[in-house]
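Contents: one structure, followed by commentary.
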Amino acid sequence: MNCPSANSKPGRFFTTPETAMGGSVTFIFNPAADKGRAASKADLIERSLAHFETASLETTRFAGHAGEIARAAARDGATLIACGGDGTLNEVVNAVAGQAVKIGVLPVGSANDFLKTFNPSTKEHEARIRGFAGSASRRVDLGKVEFGGGESRYFVNSIGIGFTGRIASTVKATPWLRGELSYAWALVKVLLGYSAVKMHITLDTVEGMVDLYEPVFAFSVSNGKVEGGKFRISPDADPCDGLLDVCILKAIPKWRLPGYVLKYLKGSQIYDSKVIYCKAKSVNVFLSVSEAMHMDGEVIDKAGGAIAITAEPLAVEMLYEP
């Protein structure tokens with residue numbers, strides 16, 4: 001994968017691959033991705049295994065199964081291809097983070113937000129799969145979230161607390177809509193009963209410490225640029241800079257949100273006086289009342305208390321997209 005820099009021209013991925021892929025390949029396929037519509041891709045993926053010297057297709061059957069498959073395949077030294085959406089990638093990464101294993105992504109989910117940071121190709125899935133054979137890799141950052149009870153988890157693309165957490169929860173509960181339309185519907189539905197959430201936030205930024213204790217309308221911490229299909233929550237994010245991008249929208253009247261939606265679609269909200277946007281090594285949040293939270297679109301309905309978020313530089317090795 002190419003990590004974009006401020007001095008580089010837009011492109012799909014990096015221009016100087018570091019390592020070549022070899023050995024066996026395990027495709028971890030989530031048929032429930034894209035609200036079950038990914039299941040139709042199973043035959044195509046299976047046919048494409050012939051392009052590899054040693055490859056297997058493992059289909060997930062229950063929540064957490066992708067992680068089990070990933071751990072077993074990693075022990076055998078396999079390269080892993082997460083076939084699903086951001087949630088599938090999240091599960092695979094959490095299972096093997098810190099191990100010497102390469103991970104690729106075949107996007108068959110509803111949003112596939114993380115890949116959008118890298119200007120991915122528009123090739124058909126079969127061409128993408130063929131391209132993994134002999135492809136190269138590069139290390140990218142992760143974000144790590146630690147909860148008060150000692151539990152911790154990584155995220156690949158982004159997390160959100162409050163407004164975006166509730167949107168992610170509503171998307172999951174709306175199986176009859178898919179893709180960007182489901183996010184638009186969820187946004188409207190959540191807004192009707194939403195009010196800003198009181199948060200105590202401490203940011204360790206590249207320019208010093210920032211302390212915020214006030215109602216917050218929307219809170220996001222990102223490793224990638226895009227969330228919710230098209231929203232450029234963190235337009236300056238660079239998944240190889242060792243930092244996380246923080247975007248905080250302070251309390252606003254609800255009638256002003258449509259204007260901010262347009263700004264978030266363009267990424268111009270970062271210049272607004274009601275928005276705090278910065279790069280941080282770590283973020284600490286305290287919630288006195290439980291609130292919805294998402295991690296790469298996967299929902300935690302009741303997150304509360306102390307939450308610590310830290311950048312984990314170059315923590316996982318990911319394949320260059322064909």
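The values are calculated or read from the model by the stated rules, or taken from the named source; none is laboratory data. What you are looking at is a predicted structure, and each value in this text was computed from that prediction instead of being measured. Cβ placement follows ideal geometry from the backbone for every residue including glycine, while neighbour counts extend to all protein chains displayed. Side chains included, ligands, DNA and RNA excluded: accessible areas come from the protein's heavy atoms. Shrake-Rupley method; radii C 1.70, N 1.55, O 1.52, S 1.80 Å.
Quick check: residue separation of V289 and V210 times 0.36 nm, minus the Cα distance between them. What number comes out in nm?
Answer, rounded to one decimal: 26.2 nm.
Run the numbers on the range 146-233 and let me know its relative contact order in percent, using alpha-carbon pairs under 8 Å that are six or more apart.
Working: 97 pairs, mean separation 32.1, N = 88.
36 percent.
Could you do me a favour and compute the accessible area per residue for the range 211-321, 1.4 Å probe, result in Å²?
39 Å²
Expected output is a single nm value to one decimal: the length gained when fully extending between E68 and A50, i.e. 0.36 nm times separation in residues minus the C-alpha distance. What is it?
4.0 nm
Once both axes come from the Cα atoms, what is the angle between helix 86-96 and the longest principal axis of the chain, in degrees from 0 to 90, rounded to 10?
Orientation of helix 86-96: about 70 degrees from the principal axis.
On C-alpha positions alone, give me the angle between the axis of helix 179-192 and the longest principal axis of the chain, in degrees, nearest 10.
20 degrees
Take the chain, connect every pair of alpha-carbon atoms lying under 10 Å apart with a spring to form a Gaussian network, then pick out the residue of R178, R75, R232 with the largest mean-square fluctuation.
So, out of R178, R75, R232, the one fluctuating most is R75.
Given contacts defined as C-alpha pairs under 8 Å and at least six residues apart, what's the relative contact order of the range 58-199, whole-number percent? Don't skip to the answer; put the middle values down first.
Working: 129 pairs, mean separation 25.4, N = 142.
Relative contact order here is 18 percent.
Sequence gap at least 6, Cα distance under 8 Å: using those rules, report the relative contact order of the chain to the nearest whole percent. Write out the running numbers ahead of the final one.
Values: 763 pairs, mean separation 72.5, N = 322.
Rounded, it is 23 percent for the chain.
Dividing the convex hull volume of the alpha carbon atoms of the range 53-192 by its residue count, what do you get in Å³ per residue? Walk me through the intermediate numbers first.
Details: hull volume 20.5 nm³, N = 140.
Once divided by residue count, the hull of the range 53-192 is 147 Å³.
Would you tally the net charge around A218, using a Cβ to Cβ cut-off of less than 15 Å, leaving A218 out, and scoring K and R as +1, D and E as -1?
So the surrounding residues net to +3.
Distance from the Cα centre of the range 137-151 to that of the range 254-322, in angstrom?
The two parts, judged by their Cα centres, are 14 Å apart.
Can you tell me the accessible area per residue over the range 83-180, all protein chains present, probe 1.4 angstrom, in square angstrom? Walk me through the numbers before you get to the answer.
Working: 3450 Å² over 98 residues.
Accessible surface, normalised per residue, equals 35 Å².
I'd like the orientation of helix 257-266 relative to the chain: the angle between its Cα long axis and the longest Cα principal axis, in ° from 0 to 90, rounded to 10.
40 degrees
Just how large is the dipole of the range 119-237 about the Cα centre, in debye to the nearest 20, putting +1 at every Lys and Arg Cβ and -1 at every Asp and Glu Cβ? Write out the running numbers ahead of the final one.
Details: 15 positive and 12 negative charges, 123 e Å.
For this selection, approximately 600 debye.
Once phi is turned into ³J(HN,Hα) by the Karplus curve 6.51 cos²θ - 1.76 cosθ + 1.60 with θ = phi - 60°, what whole-Hz value does each residue of the range 120-135 show in order, with x for glycine and proline?
So the J values, rounded to whole Hz, are x, 5, 10, 5, 5, 4, 4, 5, 4, 5, 4, x, 5, 5, x, 6.
Between the range 80-135 and the range 165-179, what is the separation of their alpha carbon centroids in Å?
22 Å
If you add up the charges near L191, with Lys and Arg at +1 and Asp and Glu at -1, over every other residue whose beta carbon is less than 13 angstrom from its beta carbon, what do you get?
+4
Summing Lys, Arg as +1 and Asp, Glu as -1, what charge do residues with Cβ under 14 Å from the Cβ of A74 carry, A74 excluded?
-2
Can you compute the charge dipole magnitude of the chain about its Cα centre, using +1 on each Lys and Arg Cβ and -1 on each Asp and Glu Cβ, nothing else charged? Give it in debye, rounded to the nearest 20.
For this selection, approximately 920 debye.
Using a Gaussian network model of the chain with C-alpha springs under 10 Å, which one of L243, L257, L57 is most mobile by mean-square fluctuation?
Sorting by GNM fluctuation, first place goes to L257.
May I ask you to give the percent of accessible area on the chain that is carbon plus sulfur, with a probe radius of 1.4 Å?
On the way: 7180 of 13950 Å².
Carbon and sulfur together cover 51 percent of it.
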